[in-house]
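Below you'll find the structure, written out as structure tokens, and then a few comments.
Coordinate-derived values only; no laboratory data. Owing to the predicted nature of the structure, the values given are computational and were not obtained by experimental measurement. Using ideal geometry, Cβ is built from the backbone for each residue, glycine included, and neighbour counts are taken over all protein chains shown.
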Amino acid sequence: MTDLVLTGLRKTYGDFVALDSTDLTVEQGEFLTLLGPSGCGKSTTLAAIAGLDVPSGGRITFQGRDLYNAETGLCLPPEARNFGVVFQSYALWPHMTVEKNVSMPLELRRVPAAERRARVAETLELVGLAAFARRYPGELSGGQQQRVALARAIVFKPPLLLLDEPLSNLDAQLRLQARSWLKDIQRSLGLTTIYVTHDQEEALAMSDRIVVMKQGRIVQMGRPEDIYGTPLHPFSAQFVGSANLLEAELLSVGDDGLARVRLPNGPEILGHAPLPLTGAGPVSLVLRPERIGLAPVAGPGPVNEIIVQAGAVSYLGEGYEQVLDLAGQSLRRKGERAMTEGPGRIQVAAADLLVFRKD
Ligand SMILES: Nc1ncnc2c1ncn2[C@@H]1O[C@H](COP(=O)(O)OP(=O)(O)OP(=O)(O)O)[C@@H](O)[C@H]1O
Ligand SMILES: [Mg+2]
């Protein structure tokens with residue numbers, strides 16, 4: 001069942017478009033992540049859904065009910081939407097105990113005292129903070145404070161949970177733990193969740209679906225495997241995982257998407273166009289560093305053998321990263337072994353060399 005629908009949602013500040021006419025649906029129980037670089041409109045989208053900000057156009061419905069509708073002028077206040085929200089700054093009340101912080105949303109909703117106590121205890125148990133109920137936020141670590149913020153957002157059983165970079169104040173180790181812990185809670189409660197991050201690893205690890213955003217627009221959305229495996233835009237390839245970007249000239253393209261391209265001052269090679277491509281002209285090639293082979297690969301499909309100049313090597317622990325020069329353009333390659341510096345051959349399957357119209 002569909003929970004949330006955004007239709008043509010827009011937000012402008014004067015002439016500046018922070019969010020350009022955006023369409024998006026979120027299914028019940030889904031963990032959806034908005035992923036993109038700083039300033040791409042993630043928080044703007046979340047604030048519009050939470051009711052913390054008035055959009056400039058479009059429509060938001062939740063379970064079939066209008067939350068915002070530019071045509072009718074309706075814009076429900078946050079309390080009428082009743083969503084759970086956690087921001088990057090946890091904004092706990094410093095003069096209240098953990099227990100009291102978590103109890104506040106229930107008091108505001110006039111939940112009777114006995115039920116309130118039971119729900120606070122149950123929620124603190126869920127986030128692993130039962131033993132900390134009487135402490136003040138100042139007496140907790142960053143990770144513990146973040147759990148209090150989450151407990152406070154879910155204690156009233158919101159129908160939608162909105163999380164804006166909730167783990168960004170944690171160190172790398174805690175962040176990893178919090179990731180799986182948060183995901184477990186979300187799944188066990190079946191909470192429809194919209195999660196904002198600019199951390200691609202976090203997005204890949206936690207999400208049912210990822211929405212890649214750039215400059216106020218959705219570039220691509222899909223399952224993590226699809227976004228990583230079949231990027232439909234050079235930007236999603238570079239932002240999710242790492243990718244080499246090369247300039248080339250399109251010579252021809254077949255119905256099967258097999259494209260013949262020429263690198264400037266370089267060889268003709270075969271690539272694959274994931275989106276329809278016609279005619280000739282400048283194109284961008286996307287190639288993942290780990291998809292550059294040394295030994296001849298038996299494709300499905302054609303494989304390019306390309307002469308490069310192998311350069312500097314870095315040791316990464318699990319393998320090597322090496323800089324290669326391909327007819328004046330620089331490539332990074334990752335693999336279990338490095339090439340000897342100097343001229344050498346690489347093997348690249350046409351299916352791994354994605355060809356996009358240059359935009
Ligand atoms: N009140 C405002 N007035 C003018 N421009 C604003 C205002 N609020 C946000 N913006 C602009 O809107 C754009 C989107 O902002 P938003 O906060 O949604 O980015 P974000 O994707 O959440 O970035 P970050 O990862 O840095 O949090 C930014 O370019 C920002 O400068
Ligand atoms: Mg933000």
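Neighbours of G84 by Cβ distance under 9 Å: Lys/Arg scored +1, Asp/Glu scored -1, total +2.
Our summary gives segment 2-235 a relative contact order of 27 percent, counting only alpha carbon pairs under 8 angstrom and 6 or more residues apart.
State whether segment 96-137 is rounded, prolate or oblate according to the following rule on the C-alpha gyration tensor (a ≥ b ≥ c being the square roots of its eigenvalues): a/c under 1.5 gives rounded; otherwise a/b larger than b/c gives prolate, and the remaining case gives oblate. Oblate is the answer for segment 96-137, as a/c is 1.5 or above yet b/c matches or exceeds a/b.
Among L182, Y228, L108, whose Cα projects farthest towards the positive end of the dipole of segment 2-235, with charges put on the beta-carbon of Lys, Arg (+1) and Asp, Glu (-1)? Farthest towards the positive end: L108. As a length-normalised measure over Cα pairs under 8 Å and 6 or more apart, the relative contact order of segment 242-357 settles at 32 percent. Ordering of 349-359, 22-32 by packing is 349-359, 22-32, highest average first (other Cβ atoms within 10 Å, averaged per residue). Once you order the gyration tensor axes a ≥ b ≥ c over the Cα atoms, which shape class does segment 242-357 get: rounded for a/c under 1.5, otherwise prolate or oblate by comparing a/b with b/c? Prolate, because a/c is 1.5 or more and a/b exceeds b/c. Our summary of shape: the Cα atoms of segment 189-229 have principal axis extents of 33, 23, 16 Å, ordered from largest down, in whole angstrom. Net charge dipole, the chain: roughly 900 debye, given to the nearest 20, about the Cα centre with Cβ charges of +1 for Lys and Arg and -1 for Asp and Glu. Compute the signed sum of charges (Lys and Arg +1, Asp and Glu -1) over the other residues within less than 13 Å, Cβ to Cβ, of T278. The answer is 0.
Pairs of C-alpha atoms in segment 2-235 farther apart than 21 Å represent 57 percent of all such pairs. Each other residue within a Cβ distance under 12 Å of W181 adds +1 if Lys or Arg and -1 if Asp or Glu, for a net charge of +4. State whether segment 1-106 is rounded, prolate or oblate according to the following rule on the C-alpha gyration tensor (a ≥ b ≥ c being the square roots of its eigenvalues): a/c under 1.5 gives rounded; otherwise a/b larger than b/c gives prolate, and the remaining case gives oblate. Judged from the Cα gyration tensor, segment 1-106 comes out prolate (a/c at least 1.5, a/b above b/c).
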